[in-house]
């Protein structure tokens, strides 16, 4: 049988399929025996968690779409129909609504993990950049999803955000009218947002596939940030990391459940329980919590066009992060200064989020400007210079032979090697 | 809930001290009441909710609609099928058009939506000095402060301070932002007569109707919390078991 794959599976049916389409061999290689650094900490759970939330979001979303009406006259009522009349509709909706928040929580931690341990550095630049594309698609999807219930904050949030495009000279107004499908946010806008909100998650699945594919080519980073040097440094993904991810998943399900079952509207806005009213603007228009930092950056700049550029720039700067960080050392563990200033950046991001939920007046203007300045300073000035100035700590020889003693006895294979020659 | 989040973050960032007075000035903070539905174990006091439904029917429903509720939903506050049928049958609701194309009315059934006091927004405004009484289906969720806030509004009427110039047709309310509210004081002592003999004070009626309105906005709450406990307990055990398995699997790795 020339050209056919030689399958090692003994089950005749699986063998028959695998010989013709080696998906079982692929799964075995990529998730079964896949060599994974042995020193992951629990920060490495969050990629898998994000994957799980994505699947939950798609599953619940499909059922919501069966009962939702993307029409400005019917949308708000159809959500109430789901909440009150559809069997377990409230459960499906609250899981989906809070799933958005959980998706961003785990993704933000996942991104922070990448920043702290230098996962974006060579050879993982493209893997990182695909990740930034994932973040952008998530934001677009979440924004359009928030419009669908057609409450006051849905409507006015959509108005504010789509209006941002009017900042661009000459073409701006035309773009906004084109986005709206009319001369204000109305049924055509809602209808197309629904269509895109259904489409984008599947685009997301495709990009996530590329993210995972790229990961499986270059391999995972690890808390030490050094390359895998020998088989002693790795473990097969299954069962070691399937079980470790399962522990994280159980904890994640508890946190998620507390939100869904005991405080389903904690992260929401009371105004979104009022049907959209184009004639009445809420006192304060705020986006969902996960977009607040970018909203604060937008509002911290007095010029609208510049503000819009800064807001998009705050994400786009992540694309070039692999080249802005000039340090050859990946993990913050061995970068005494970086491991401190990364936290200053985190604080500036949290302050931006806090400013985003308050009106841009008084102290919040100053606070958000300082934080915005630091946000960009960190990427554009501090990281390029720090890489040249900072004296990193000595790196361990290999993952299975950390430079700072401790740990268990060395695996038999490693002891044979002389020090300093890994 | 955004306010709760704000407080949380304010405390975390230690800038709360500087920021807190700014919000405090907007409107007085409603004081926290004790509610049967508070906390992760809370459920609705059904007697209070039923009395609250009576207050809604006899007082609030003269001006306020509850368009997302149906009479059948009243099962959720412990009414029997026969009681619900009787309540619905006593209400006249629009029933489409007759053979001649003229609008038709008839007695409601358990499947009918709650009757709205006005046929449309214009009619409601015309009857209310231009103000629109909001739909009450979701009112508890739709206001910052939730149940405490609605209670505070219902019990917050008073004589305006002498320095205050009231606009025509407006009423003074301690809790309302700006203190001028179009709704006249809806509750007076003895406004309804409770069948169970509970004295119908303003506070009692306000408490009962807020319990009813909280149920109306979150009818799934009790079932939600019950499922939540089972889910959380199950995954606490699963976390322990999975962690034990993890330890065992990893035991030979150094």
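The values are calculated or read from the model by the stated rules, or taken from the named source; none is laboratory data. Note that the structure is a prediction, hence the values are computed from the model and not measured. Cβ coordinates were reconstructed from backbone atoms using ideal geometry, including for glycine residues, and neighbour counts include every protein chain displayed.
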Here are some conditions: (1) more than 9 Å from chain A (Cβ to nearest Cβ); (2) part of a helix (DSSP H, G or I); (3) touching a helix residue (DSSP H, G or I) at 6+ places or on another chain (Cβ under 6 Å). Residue B:222 meets all but one. Which one does it not meet?
(3)
From the list A:199, A:164, A:235, which one is more than 25 Å from residue A:33 (Cβ to Cβ) and either free of Cβ contacts under 8 Å to residues at least 40 places away in the same chain or crowded, with 19+ Cβ neighbours inside 10 Å (or both)?
A:199
Please go through the range A:326-350 and pick out each residue that is touching a helix residue (DSSP H, G or I) at 6+ places or on another chain (Cβ under 6 Å) and within 14 Å of chain B (Cβ to nearest Cβ).
A:348, A:349
Please pick out the residue among B:88, B:47 that is buried (at least 17 other Cβ atoms within 10 Å of the Cβ), in contact (Cβ under 8 Å) with a residue 24 or more places away in the chain and in a helix (DSSP H, G or I).
B:88
Find the residue count for the range B:95-105, including only residues that are on the phi < 0 side of the Ramachandran plot, loosely packed, with under 14 Cβ neighbours inside 10 Å and either under 24 Å from the mean Cα position of the chain (by Cα) or part of a strand (DSSP E or B) (or both).
4
Can you spot a residue in the range A:215-231 that is touching a residue at least 40 places away in the same chain (Cβ under 8 Å), in contact with a helix residue (DSSP H, G or I) (Cβ under 7 Å, 6 or more places away or on another chain) and within 11 Å of chain B (Cβ to nearest Cβ)?
no
Within the range A:28-79, residues being at pLDDT below 95 and assigned to a helix (DSSP H, G or I) number 5
Counting just the residues of the range A:234-254 that are under 26 Å from residue A:104 (Cα atoms) and touching a strand residue (DSSP E or B) at 6+ places or on another chain (Cβ under 7 Å), which one comes out farthest from the other protein chains (Cβ to nearest Cβ)?
A:237
Quick one: which residue in B:214, B:242, B:193 is in contact with a helix residue (DSSP H, G or I) (Cβ under 6 Å, 6 or more places away or on another chain) and either under 25 Å from residue B:133 (Cα atoms) or away from every other protein chain (no Cβ under 11 Å) (or both)?
B:214
Among the residues in the range A:129-136, are any closer than 24 Å to residue A:191 by Cβ, assigned to a helix (DSSP H, G or I) and more than 14 Å from chain B (Cβ to nearest Cβ)?
yes
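Tell me yes or no: at least one residue of the range A:303-319 is within 26 Å of residue A:150 (Cβ to Cβ) and either without any contact (Cβ under 8 Å) to a residue 60 or more places away in the chain or assigned to a helix (DSSP H, G or I) (or both).
Yes, the range A:303-319 contains at least one residue that is within 26 Å of residue A:150 (Cβ to Cβ) and either without any contact (Cβ under 8 Å) to a residue 60 or more places away in the chain or assigned to a helix (DSSP H, G or I) (or both).
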Scan of the range B:113-153 for residues that are crowded, with 18+ Cβ neighbours inside 10 Å, in a loop (DSSP other than H, G, I, E, B) and more than 11 Å from chain A (Cβ to nearest Cβ), ordered by number
B:114, B:133, B:136
Could you go through the range A:351-373 and let me know if any residue there is out of contact with any helix residue (DSSP H, G or I) (no Cβ under 8 Å at 6 or more places or on another chain), part of a helix (DSSP H, G or I) and in contact (Cβ under 8 Å) with a residue 40 or more places away in the chain.
no
Residue satisfying all of: in the range A:263-295; under 18 Å from residue A:135 (Cα atoms) and assigned to a helix (DSSP H, G or I); nearest to the chain's Cα centre (by Cα) among these
A:290
Residue in the range A:255-283 that is surrounded by the fewest Cβ atoms within 10 Å (Cβ to Cβ), counting only those that are more than 8 Å from chain B (Cβ to nearest Cβ) and more than 24 Å from residue B:137 (Cβ to Cβ):
A:255
Looking for something surrounded by 22 or more Cβ atoms within 10 Å (Cβ to Cβ) and modelled with pLDDT of 95 or more - is there at least one such residue anywhere in the range B:75-84?
no
Checking the conditions here, which among B:227, B:237 is assigned to a helix (DSSP H, G or I), over 19 Å from the mean Cα position of the chain (by Cα) and loosely packed, with under 14 Cβ neighbours inside 10 Å?
B:237
